[in-house]
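The values are calculated or read from the model by the stated rules, or taken from the named source; none is laboratory data. This is a predicted model, so every value here is computed, not measured. No Cβ is skipped: glycine too gets one built from the backbone with ideal geometry, and neighbour counts run over all protein chains shown.
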Amino acid sequence: KTKDKIKIKIESEQLALDSCSGNDESVKVELTCLYYLQLPDDEKSKGLLPIIHHLEYDGRVLKPLDLYEIFTGSSENVVIEASVSGWVHKRLMKLYMDYCQKLSEKPSV
């Protein structure tokens, strides 16, 4: 096992995760942030965040707990593909997150 056990492929980029919470929504949020941070400055200036639609491994869409099973059950490095279904403005995402927190609701990205 190497430090970067899970590599996530988004479009043509590969991002590495060194831990996994087992919660696919938190992984999607982490991927969104990592993907945004590696964008060139001119792309970042647009203020758009990718929406991760689903994660795939070995040709199948992962269910919520599949990611944890893959992470803990594999002795090899794993490549998971993430599908970007669109882009959302950062300010809109912040409003949504703040509103969910105010209502004590879990955000669903």
(request) Return the total of residues in region 55-78 being surrounded by fewer than 15 Cβ atoms within 10 Å (Cβ to Cβ) and either at pLDDT below 85 or farther than 22 Å from Glu11 by Cβ (or both). (result) 11
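If I ask for residues that are farther than 17 Å from Thr32 by Cα, acidic (Asp, Glu) and not in a helix (DSSP H, G or I), which ones from region 67-95 would you list?
Restricting attention to region 67-95, the residues satisfying the condition of being farther than 17 Å from Thr32 by Cα are 68-78.
Still in the running and acidic (Asp, Glu): 69, 76.
Selection gives Glu76 alone.
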(request) Those residues that are under 16 Å from the mean Cα position of the chain (by Cα) and either at positive phi or of a type in the set (A, V, I, L, M) (or both), I need them from region 54-85; list them, please. (result) Leu55, Val61, Leu62, Leu65, Leu67, Ile70, Val78, Val79, Ile80, Ala82, Val84
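With Ile10, Ile6 as the choices, which residue is at pLDDT below 80 and within 22 Å of His89 (Cα to Cα)? Full working, then the answer.
Working: Ile6 fails: within 22 Å of His89 (Cα to Cα).
Only one candidate qualifies: Ile10.
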